[in-house]
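Let me begin by presenting the structure, written as structure tokens, before commenting on it.
Values in this text are rule-based calculations from the coordinates and carry no lab data. Computed from a predicted structure; not experimentally measured. Every residue, glycine as well, gets a Cβ built from its backbone with ideal geometry; the counts of neighbours run over all protein chains shown.
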Amino acid sequence: MENSAVSNLSALTRANGSVNADRATLMRMKTQGDERALRMSANEFVGVFIGQMYKVMGESVGKSELMNGGAGEEMFRTMLYDEYARQAAHQDRTGLGETVYQSLKSRNQAINN
């Protein structure tokens, strides 16, 4: 009975979304003072954001009947956009990653004080 309660709690925690994950990350960083984890969180957020932009941009492009690859093409396209987003977030040419990092850092400092 106890194991199922723990697994249900784990499933609920995973399903609860990124807000609770961000809170848990911030609380962990509060005790550890880990700026590297803060940078990684900011970088991951930017990657997800850019990935969503690529997805929307890809959906706006018309599809040709001549080169219809079906489900395989869609899966590849999703993986390609994810990789583009990961690379763009890693390079941070937009400065968005640094902005998110500074915001998270100030929020973390507010929690610590």
Report task. Rank these for me by crowding, Glu44, Glu59, Glu65, going from fewest to most other beta carbons within 10 Å. Result -> Glu65, Glu59, Glu44
Query raised in the report: Between Leu80 and Ser103, what FRET efficiency follows from the Cβ-Cβ distance if R0 is 30 Å, with the result rounded to 0.05?
Result: 0.55
